Amino acid sequence: MITKEKLKDYAAKLMFDMDDEGYDRTLEEFETVEKHMALIGEIENIENIEPMTFPYVIYHADLREDVACDCLTNDEVLANAKETKANQVKVPKVVGE
Amino acid sequence: MKTIVDLRNDLDNKVVTSDELFEKANKLAHKYQDEFNPFVTIIDEKIEEESNSILSGIPYAIKDNFSTKGILSTASSNILKDYVPVYDATAYKKLKEAGCVLVGKTVLDELAMGGTGTTGHTGIVRNPWNKNRQIGGSSAGSAAAVALGIVPFSLGSDTGDSIRKPAAFGGVVGFKPTYGRISRYGLFAFASSLDHVGCFTRCVRDAAIVTDILKGKDERDMTSLPDEKVKYVDMVDNDIKGKKLFYIKELTDLDLYKDAGEETLEVLRKFKETIEKCKNIGFEVEEVSFDEKLLKAIYPAYMTISCAEATSNNSNLTGIPFGPRGEGSNINEIMFDARTKGFSELIKRRFILGSYILQRENQERLFKNAGRLRRIIVDKMNELYKKYDAMILPASGGVAPTFDCEIDRMSPRYLMLENHMAIGNFGGFPSITIPNGFVSDMPIGINITGRCFEDGLTLNIANKIEEVLGFKGIVKEEYDV
């Protein structure tokens, strides 16, 4: 059974948090979600079907030739980073001072 | 209201210049922005590349989840509120090279995850036909920009019906071609196995013109399809006599809607009238039965697959290489803070659902079963397509909802008629919505979904139906300037 603590755990794994009311609304929503999901389980013999992860079957996919092509410059890659240093994105040290 | 073809003629005959077209579009964009909010960014400086294509000099708008180099691209989310891409989406690049003139980046439901046009970080989009109503989503601003007559076409994306539903609510044409027909490179991914690039236009012919420019193999998108070297615009006038259409009994039989509201009943009555008109011009149209259990399971399966894929696709939004940086003493805290502040509550609820679906103990029961349901439905459709050329259905069970409808939360009520268009995403089928008249003074649409890879035939069928319906290019009188 889904609990508020489990929801907080899922959110933490996804690296965000919500306020308490947000978790309450999510919990309420899960009741509806489970009812909806149960409709899928009602389909007869569904477990015997191979899941579909792509709209249609592609029998072969072309790979391009292994030659270098245009790529972003260093400046372009760093253009949106808020802190940079020595051509890299700067973040706090992993180990302390 | 002028179509692309009309504007092309005007440009070629020097009735108007592309500068004048841009100035007019820019003026209208500013005029309607406060009232209807279609744009995140309005481009005030005309940028046009030399081209002799049919779209050269034509103004357009593009949804703000397409990467446009040097132009803010937010996906209508605070987590990208200051993001300026360093590369172009292929679809945008192709339109630039065709000489199209960008008028603005349009509002969407945040990260394309919504169907109301109300969850974008810069505010709600109002329906040009009635300001107290939604225009649907997620491609809300793109639909509104065409419905208001600001531009003759715009680009959107469609993962569950995000072009085809707002097209119905906005009284315009919305086309989602076969999966892979238009490259998704540079489209911010929502659910990669369901995402499609498509367009809004004033008529089916224009949708064919735009798709002709956009289609083709892209080395940067390995799911893109080779160009078949045909032009869809050359196919839209083909004879359709003997082409076979089907509609689903369980979605359209009035006897099954005894407790429905008058709006729904009127939508269905108009749909039946449309069926007769189709027969009168030479289509063979038949009613087929579709297991109601499958139809009811479409929405849950769509939510399962899309939330799971979205949770994964959006894990790159950390505020480190781009986006507003969070605060914290270590990298984990910084990412946590950025994501907590940057995503709205609705998006967080969707991601939590996606995470729940992907937990090891739930994968079989939820994620894999949704994939199985997807295959059952797609197989059933492909079986039907051995006999029929297209499916035709109402695009929605009613008109555009008012803003005080329950909009934010997942509704306990599910309406099969509201969610069938996800079939087009499950199987990658080409699918188009065209106007089908009015109910309660609001536009309604019908949806035509064809066989995979047969975009030309689907556009041909839609064009012939559009001709006989008589609602081509409908526009509210005050916008028809």
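The values are calculated or read from the model by the stated rules, or taken from the named source; none is laboratory data. Small disclaimer: the values here were computed from a predicted structure and weren't measured. Heads up, the Cβs are rebuilt from the backbone with ideal geometry, glycines too, and the neighbour counts pull from every protein chain shown. The protein model used for the area step is the full one, side chains on, heavy atoms only, and it has no ligands, DNA or RNA in it. Shrake-Rupley method; radii C 1.70, N 1.55, O 1.52, S 1.80 Å.
Restricting attention to region B:461-481, and to residues there that are more than 18 Å from B:Pro394 (Cβ to Cβ) and in contact with a Gly (Cβ under 9 Å, 6 or more places away or on another chain), which single residue is least open to solvent (accessible area, probe 1.4 Å)?
Filtering region B:461-481 for residues more than 18 Å from B:Pro394 (Cβ to Cβ) gives B:463-464, B:467, B:472-473, B:475-481.
Applying the additional criterion that residues be in contact with a Gly (Cβ under 9 Å, 6 or more places away or on another chain) yields B:464, B:475-476, B:479-481.
On the way: B:Lys464: 40, B:Val475: 29, B:Lys476: 59, B:Tyr479: 9, B:Asp480: 78, B:Val481: 104 Å².
The extreme case among them is B:Tyr479.
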> Quick one: what pairs do we get from region B:312-337, first residue within 23 Å of B:Ser73 (Cβ to Cβ) and in contact (Cβ under 8 Å) with a residue 60 or more places away in the chain, second surrounded by 15 or more Cβ atoms within 10 Å (Cβ to Cβ) and among the charged types (D, E, K, R), C-beta under 7 Å, 6+ apart or different chains?
Replying inline: B:Leu317/B:Arg339; B:Gly319/B:Arg325; B:Pro324/B:Lys81
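Any idea which of B:Ile124, B:Ile150 is surrounded by fewer than 24 Cβ atoms within 10 Å (Cβ to Cβ), more than 15 Å from the chain's Cα centre (by Cα), under 25 Å from B:Gly445 (Cα atoms) and not charged (D, E, K, R)? Give the derivation first.
On the way: B:Ile150 fails: surrounded by fewer than 24 Cβ atoms within 10 Å (Cβ to Cβ).
Testing whether each residue is surrounded by fewer than 24 Cβ atoms within 10 Å (Cβ to Cβ), more than 15 Å from the chain's Cα centre (by Cα), under 25 Å from B:Gly445 (Cα atoms) and not charged (D, E, K, R) leaves just B:Ile124.
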>> Could you check region B:292-309 and list, in sequence order, the residues that are over 24 Å from the mean Cα position of the chain (by Cα) and touching a residue at least 40 places away in the same chain (Cβ under 8 Å)?
In response: B:Glu292
>> Looking only at region B:41-74, count every residue that is within 14 Å of chain A (Cβ to nearest Cβ) and under 23 Å from the mean Cα position of the chain (by Cα) and tell me the total.
In response: 7
> Among (1) over 17 Å from B:Glu35 (Cα atoms); (2) in a loop (DSSP other than H, G, I, E, B), where does B:Lys93 come up short?
Replying inline: (2)
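So how many residues does region A:64-79 have that are open to solvent by less than 100 Å² (accessible area, probe 1.4 Å) and either basic (Lys, Arg) or at the interface with another protein chain (Cβ under 10 Å from one of its Cβ atoms) (or both)?
Initial filter on region A:64-79 (open to solvent by less than 100 Å² (accessible area, probe 1.4 Å)): A:67, A:69, A:72-74, A:76-79.
Narrowing further to those that are either basic (Lys, Arg) or at the interface with another protein chain (Cβ under 10 Å from one of its Cβ atoms) (or both): A:69, A:72-73, A:76-79.
Residues flagged as open to solvent by less than 100 Å² (accessible area, probe 1.4 Å) and either basic (Lys, Arg) or at the interface with another protein chain (Cβ under 10 Å from one of its Cβ atoms) (or both) within region A:64-79 amount to 7.
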>> Among (1) surrounded by 24 or more Cβ atoms within 10 Å (Cβ to Cβ); (2) assigned to a loop (DSSP other than H, G, I, E, B), there is one condition B:Ala144 misses while meeting the rest; what is its number?
In response: (2)
> Pairs under 8 Å by beta carbon, first residue open to solvent by 10 Å² or more (accessible area, probe 1.4 Å) in region B:58-74, partner charged (D, E, K, R) and not in a loop (DSSP other than H, G, I, E, B), six or more apart or different chains?
Replying inline: B:Ile71/B:Lys105; B:Leu72/B:Lys105
> Is it fair to say B:Leu108 is of a type outside the set (Gly, Ala, Ser), touching a Cys at 6+ places or on another chain (Cβ under 7 Å) and not in a helix (DSSP H, G or I)?
Replying inline: no
> Does any residue in region B:339-350 that is on the phi < 0 side of the Ramachandran plot and more than 7 Å from chain A (Cβ to nearest Cβ) come within less than 9 Å, Cβ to Cβ, of a residue that is assigned to a helix (DSSP H, G or I) and of a type in the set (Asp, Glu) six or more places away or on a different chain, and which pairs are these?
Replying inline: B:Ser344/B:Glu110; B:Leu346/B:Glu110; B:Ile347/B:Glu110
> Residues in region B:351-364 that are at the interface with chain A (Cβ under 7 Å from one of its Cβ atoms) and not β-branched (Val, Ile, Thr): how many?
Replying inline: 4
>> Considering only residues that are modelled with pLDDT of 95 or more, part of a helix (DSSP H, G or I), over 30 Å from A:Ala61 (Cα atoms) and of a type in the set (Phe, Trp, Tyr), which ones fall in region B:219-274?
In response: B:Phe271
> Are any residues in region A:31-53 over 23 Å from B:Gly428 (Cα atoms) and either part of a loop (DSSP other than H, G, I, E, B) or touching a residue at least 60 places away in the same chain (Cβ under 8 Å) (or both), and if so, which ones?
Replying inline: A:Glu42, A:Glu44, A:Asn45
> How many residues does region B:71-90 contain that are farther than 21 Å from B:Gly319 by Cβ and either assigned to a loop (DSSP other than H, G, I, E, B) or among the aromatic types (Phe, Trp, Tyr) (or both)?
Replying inline: 2
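Restricting attention to region B:322-336, does a residue exist that is among the β-branched types (Val, Ile, Thr) and more than 22 Å from A:Glu29 (Cα to Cα)? Give the derivation first.
Within region B:322-336, the first condition is being among the β-branched types (Val, Ile, Thr), and the residues that meet it are B:331, B:334.
Applying the additional criterion that residues be more than 22 Å from A:Glu29 (Cα to Cα) yields B:331, B:334.
Yes - at least one qualifying residue is present in region B:322-336.
Taking the stated definitions as given, is A:Asn45 within 30 Å of B:Asn362 (Cα to Cα) and more than 9 Å from chain B (Cβ to nearest Cβ)?
Values: within 30 Å of B:Asn362 (Cα to Cα): yes; more than 9 Å from chain B (Cβ to nearest Cβ): yes.
Spelling it out, A:Asn45 is indeed within 30 Å of B:Asn362 (Cα to Cα) and more than 9 Å from chain B (Cβ to nearest Cβ).
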>> Name the residue that is farthest from B:Arg365 (Cα to Cα), counting only residues in region A:11-41 that are more than 7 Å from chain B (Cβ to nearest Cβ) and open to solvent by less than 20 Å² (accessible area, probe 1.4 Å).
In response: A:Tyr23
> What do you reckon, is B:Thr211 open to solvent by less than 10 Å² (accessible area, probe 1.4 Å), assigned to a loop (DSSP other than H, G, I, E, B), in contact (Cβ under 8 Å) with a residue 12 or more places away in the chain and touching a Pro at 6+ places or on another chain (Cβ under 9 Å)?
Replying inline: no
> Restricting the search to region B:368-411, which residues are at pLDDT 95 or above, open to solvent by 10 Å² or more (accessible area, probe 1.4 Å) and within 8 Å of chain A (Cβ to nearest Cβ)?
Replying inline: B:Lys368, B:Asn369, B:Arg372, B:Arg375, B:Ile376
> Of the residues in region B:40-99, how many are among the β-branched types (Val, Ile, Thr) and at pLDDT below 95?
Replying inline: 1
>> Of everything in region B:30-46, what is open to solvent by less than 30 Å² (accessible area, probe 1.4 Å), closer than 19 Å to B:Gly170 by Cβ and either assigned to a loop (DSSP other than H, G, I, E, B) or among the aliphatic types (A, V, I, L, M) (or both)? Give them in sequence order.
In response: B:Asn37, B:Pro38
